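Worksheet: the structure to be examined is printed underneath.
The values are calculated or read from the model by the stated rules, or taken from the named source; none is laboratory data. In this text the structure is predicted, and so the values were computed from the model without any measurement. Positions of Cβ are generated from backbone atoms using ideal geometry, with glycine treated the same way; all protein chains shown enter the neighbour counts. The accessibility values were calculated without ligands, DNA or RNA, using every heavy atom of the protein model including side chains. Shrake-Rupley method; radii C 1.70, N 1.55, O 1.52, S 1.80 Å.
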Amino acid sequence: MANPSVSVFLDKQEYGKDRVRLLKVHRDTKVHRIDDLTIRCLLSGSSFTTSYTEASNKAVVATDSIKNTCYVLAKSSKVVDTLELFAAELANHFLNTYSWVENAHVTIVRHRWARMVIDGKPHTHSFWRDGDETRQTDIFIRRGTNDRRTIDIKSAIAGLLVLKTTGSSFEDFVRDEYTTLAEAKDRILSTCVDANWEFNIPSVPTEKLMATLGQIPFNQIYDSVRDVTCKTFAEDESASVQATLYKMATQSIQNWKWIERVSYALPNRHFFAVDLSYFRGTKNLAEHADVYQPVSDPSGLICATVSRSLGARL
Ligand SMILES: O=c1[nH]c(=O)c2[nH]c(=O)[nH]c2[nH]1
């Protein structure tokens, strides 16, 4: 039985619409472009407390209206193709429209569509899904004092599946009574990259918010982080996932003054050479390996965040 004399308080709250699906078609030229998005918009602030504690809906903007707003703004917006700017437009809209909303938290996931190549030529209006990788952004805008806004933006790549067939070793690790893993001079390296990067954005007067964000080359930064990730993965003579991860993260901070920190979560998807010695003494281990067994579970998991040092602004 619950004890009603135990005192509690509402510690955290945010509400809104999740999984709003939206396809925007850009037909401004004959070469159509598309943005296939899944959006989450969450609102919070002290005015919403009573909706939880006293069953009062007086302050509640229906989540259905929040969903409708996503479609209305997608219609008029000129920046749907820059996730961070479209997310900022949405978040800013809720703060500007409803004076009692203190924070707007918008997450957008963009699903991949690649242009079809037909008879060697990029097709003007047909696309195919080239993998499960997504681009994402998570933006949190706070109503500050003196009509200013503070903005946290974290953008991400999720589900980028990569594999290399040489240029990766793992040696000189702890050997004790628990160790069965052989040292590997040359192994398969494969991971499914989750990377995110946080922006350093000063608080801005409300009316300058979109103009300030408009100066940040979000699409170029995304392309660059993805390129650095792939190039480093491909070219690094990897001593471990840890060492390769650190090189990836460091470069993006050094490339872009707006990036404050970069995090990676890299599962180490193991591929073990199959011991074929049972069959006529066939050699398939170490330098003889070319038949491997992919092991889906368990995998290693290497996670790290690299941050810009204090006073290290470009
Ligand atoms: O790159 C690696 N890092 C590790 O920490 C580790 N541990 C392991 O068993 N294999 C690997 N590979």
Of all accessible heavy-atom area on the chain, the percent that carbon and sulfur account for (1.4 Å): 53 percent
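To the nearest 500 deg cm²/dmol, what mean residue ellipticity at 222 nm is calculated for the chain from DSSP H runs of n ≥ 4 alone, each contributing -39,500 (n - 2.57), summed and divided by the residues?
On the way: 6 runs with 73 residues, N = 314.
Helices in the chain give a 222 nm mean residue ellipticity of -7000 deg cm²/dmol.
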Shape metrics for the range 12-143, restricted to C-alpha atoms - Rg then Dmax, Å: 17.5, 64
1.4 Å probe accessible area per residue over the chain, in Å²: 58 Å²
Inter-label distance for Thr179 and Thr50, nm, one decimal - labels placed 7 Å from Cα along Cα-to-Cβ: 6.6 nm
Where GluC sites (Glu not before Pro) fall in DSSP loop in the range 189-244, at most 14 other Cβ within 10 Å: Glu237
For the range 142-199, average projected area of the Cα convex hull in nm²: 7.6 nm²
Average projection area in nm² (convex hull over Cα atoms of the chain, one quarter of hull surface): 26.2 nm²
Dimensions (Å) - the range 1-65, Cα atoms, principal axes, largest first: 68, 25, 17
Cut-off under 5 Å, modelled amide H: who pairs with Gly144 long-range: Arg149, Thr150
Label point distance in nm, Arg21-Gln293, each placed 7 Å from Cα along Cα→Cβ: 3.9 nm
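What is the percent of Cα-Cα separations in the range 173-314 that go past 18 Å?
The share of Cα pairs beyond 18 Å in the range 173-314 comes to 67 percent.
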Modelled FRET efficiency - R0 25 Å, Ser5 with Ala59, Cβ distances, 0.05 increments: 0.30
Cα centre as origin, Lys/Arg/Asp/Glu Cβ charges: the range 202-314 dipole, Debye: 340 debye
